[in-house]
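For reference, the structure is listed below as structure tokens.
Bear in mind that the values in this text are calculations on the coordinates, not laboratory data. On a predicted model such as this, the values are computed, not experimentally measured, just so you know. Using ideal geometry, Cβ is built from the backbone for each residue, glycine included, and neighbour counts are taken over all protein chains shown.
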Amino acid sequence: MDDEPTILLTLGHYLQTLGAEVVACRQFDDAAAALKAQRFDLVLADLRMSGANNTDGLRLLRLARQVAPKTRVVVMTGYGTEDARRQVLAQGGEYCTKPMDLDDLKTMVR
């Protein structure tokens, strides 16, 4: 889940070249519906969607913990802060800053 079409397209294409099945969502509601409808091994979610104070990535992480507690959730951000990192880790997610290193992403998927 990312509101930036370029990031969504780039990460989606790269993951598909690795053999991953990708469900790309630009909005929280779409990502939440997908998470409730099917099983995922990995969820990548942008921390902030559509505005600096929006933390849809954390909302999606909380939802994942409720409906799919074993799903690995990585919350990404271009606005990394120690507070954001702590919040993500405290809720059982993984945290990374953008731009994402493709080798790290490859390791996550394997």
Residue pairs within 6 Å by beta carbon, gap of at least six or interchain, first lying in the range 1-22 and in contact (Cβ under 8 Å) with a residue 60 or more places away in the chain, second in a helix (DSSP H, G or I) and hydrophobic (A, V, I, L, M, F, W, C), listed first then second, are Asp2/Leu8; Leu18/Val109; Ala20/Val109
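What residue, among those in the range 1-57 that are among the acidic types (Asp, Glu) and crowded, with 18+ Cβ neighbours inside 10 Å, is farthest from the chain's Cα centre (by Cα)? Let's see the steps before the verdict.
As a first pass, look at the range 1-57 and keep what is among the acidic types (Asp, Glu): 2-4, 21, 29-30, 41, 46, 56.
Those left that are additionally crowded, with 18+ Cβ neighbours inside 10 Å: 2, 46, 56.
On the way: Asp2: 7, Asp46: 5, Asp56: 10 Å.
The extreme case among them is Asp56.
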Qualifying residue in the range 34-43 (condition: within 15 Å of Asp3 (Cβ to Cβ) and among the small types (Gly, Ala, Ser)): no
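For Thr97, are the conditions met, namely being among the polar types (S, T, N, Q), in contact with a Gly (Cβ under 7 Å, 6 or more places away or on another chain) and in contact (Cβ under 8 Å) with a residue 12 or more places away in the chain?
Numbers: among the polar types (S, T, N, Q): yes; in contact with a Gly (Cβ under 7 Å, 6 or more places away or on another chain): yes; in contact (Cβ under 8 Å) with a residue 12 or more places away in the chain: yes.
In short, yes.
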I'd like to check something: does the range 24-33 contain any residue that is of a type outside the set (Gly, Ala, Ser), in contact (Cβ under 8 Å) with a residue 24 or more places away in the chain and touching an Asp or Glu at 6+ places or on another chain (Cβ under 7 Å)? yes
Inside the range 60-87, can you point out the residues that are more than 11 Å from the chain's Cα centre (by Cα), closer than 19 Å to Asp3 by Cα and surrounded by 16 or more Cβ atoms within 10 Å (Cβ to Cβ)? Leu63, Ala84
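Report yes if Lys98 is surrounded by 15 or more Cβ atoms within 10 Å (Cβ to Cβ) and charged (D, E, K, R), otherwise no. It would help to see each step written out before you state the result.
Values: surrounded by 15 or more Cβ atoms within 10 Å (Cβ to Cβ): yes; charged (D, E, K, R): yes.
Judged against the criteria, Lys98 is a match.
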